[in-house]
1. Looking at Glu340, Glu349, Glu323, Glu289, can you tell me which residue is out of contact with any Phe, Trp or Tyr (no Cβ under 7 Å at 6 or more places or on another chain), under 27 Å from Asn28 (Cα atoms) and among the charged types (D, E, K, R)?
2. Which of the helices (runs of 4 or more DSSP H) found entirely inside the range 116-203 contain at least 1 residues meeting this: surrounded by 17 or more Cβ atoms within 10 Å (Cβ to Cβ) and touching a His at 6+ places or on another chain (Cβ under 8 Å)?
3. Is the range 224-233 home to any residue that is crowded, with 17+ Cβ neighbours inside 10 Å, at negative phi and assigned to a loop (DSSP other than H, G, I, E, B)?
4. Name, by its number, the condition in (1) open to solvent by less than 30 Å² (accessible area, probe 1.4 Å); (2) out of contact with any Phe, Trp or Tyr (no Cβ under 7 Å at 6 or more places or on another chain); (3) touching a residue at least 40 places away in the same chain (Cβ under 8 Å) that does not hold for Ile34.
5. Output the residues belonging to the range 204-222 that are closer than 21 Å to Val347 by Cα and either assigned to a loop (DSSP other than H, G, I, E, B) or within 17 Å of the chain's Cα centre (by Cα) (or both).
6. Across the range 1-30, what is the number of residues that are of a type in the set (D, E, K, R) and either touching a Phe, Trp or Tyr at 6+ places or on another chain (Cβ under 9 Å) or touching a residue at least 40 places away in the same chain (Cβ under 8 Å) (or both)?
7. Select from the range 265-286 the residues that are touching a Lys or Arg at 6+ places or on another chain (Cβ under 9 Å) and of a type outside the set (A, V, I, L, M, F, W, C) and write down the one among them that is most open to solvent (accessible area, probe 1.4 Å).
8. Within the group Pro292, Pro316, which residue is open to solvent by 40 Å² or more (accessible area, probe 1.4 Å) and under 29 Å from Phe76 (Cβ atoms)?
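The values are calculated or read from the model by the stated rules, or taken from the named source; none is laboratory data. Computed from a predicted model, the values in this text were never measured in an experiment. With ideal geometry, Cβ positions are generated from the backbone for all residues, glycine too; neighbour counts draw on all protein chains shown. Only protein heavy atoms, including side chains, enter the accessible area calculation; ligands, DNA and RNA are left aside. Shrake-Rupley method; radii C 1.70, N 1.55, O 1.52, S 1.80 Å.
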Amino acid sequence: MNNRPYRMIQVGTGGQGRAWCSRFLPPNIADGRIEVVAAVDMNPAAHSNAQEHLGLSPEQCYTDIRRAFAENPADFCTIVTPPAFHESVVDLALEHNLHILSEKPIADTMAGAVRIAAKVKAAGKKMGVTMSHRFDQDKTTLRNQLRSGRPGSLDYLVCRFTCNMRRFGDWGAAFRHTMHDALMIEGAVHHLDILADLAGAKCATLYAQTWNPPWGEYGSGSQGQVMMTFENGVRATYEGAKTNAVGLNGWGQEYFRAECEHETLILDRRRVERFVYEPKVYKREGEGEEVPLLEQPKWMNTWLVAQFLDWLDGGPAMETNIEDNLQSVALIFAAIKSSETGQPVQVQEFLRQAQAALG
């Protein structure tokens, strides 16, 4: 256990960075585990989030990231910027001998993700990725039910994430509407990660189609369907949509179904229910036995920050450490490749090739 709070620099205080300042960091600060020594955002107006919620002075808020890192000794930094900027922040953090906790995905390309992982490993530093949805209360409850053994062998999984965010600006920051493959990189990165976690094995084969309908105000890939087969034989299907006429299962309200030997488990809009096998019985969703959601003090990124700090304290590596998280990144870029080529992708070979390309 560290005998003082870990000093950290918050990189990104606008957009999702506001949630870090107002929700994710304060409980861990209150526990005496973190001291935020500086915050960085290119937009000075976003500094108010760090000043209001983290108690930083204007002098501790920077638009120049190099000045912030040079003037404030720290133990680690967080990265809450668009994915295209992650690598440059990682490079600067490693120059200053800092550990790193980053928003997903590791980078906006597969090559960038494996470069970052290699740099962090070579520097001997720790880097975690905040796959917040996997560690939400409802998904954790579903995972706990699957892992209990009561449902028996898992056969296949289904995930639905459908939104009506078709107009420019509906999905928050503008970059999500102008970037390529927005659904995969900014959305499915969570959902495919959860499916792999629930499956309990690495993905072997993936086939995907992504597209953008004429009414979707996106650069590309606002809709998608993915089929996955895992190394243990479990299968999964994913439906993702940002431009539907109605949102049925949006952020935090996703639908998951696990078909098992003895039970069907359904998570829909944060309600988990179980259906025990009965011969020749048909029921509607909503008619199963409701499973109480697990209770604990911290969830999502607040919990992941605590896991990262436990890791810095000498505990086991957090589940979403960068080496393991390469599996999640490989899923989204394999899906993009599959959509481009029209062919299924062998995911583990796809990842090996990306790593081998580093030389």
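1. Unique residue meeting the criteria: Glu323.
2. On the way: elements: 137-147, 175-178, 189-199.
Hits in the range 116-203: 137-147, 189-199.
3. no
4. (2)
5. Across the range 204-222, the qualifying residue is only Gly221.
6. Qualifying residue count for the region: 2.
7. If we take residues in the range 265-286 being touching a Lys or Arg at 6+ places or on another chain (Cβ under 9 Å) and of a type outside the set (A, V, I, L, M, F, W, C), then Glu285 is most open to solvent (accessible area, probe 1.4 Å).
8. After ruling out the rest, the residue left standing is Pro316.
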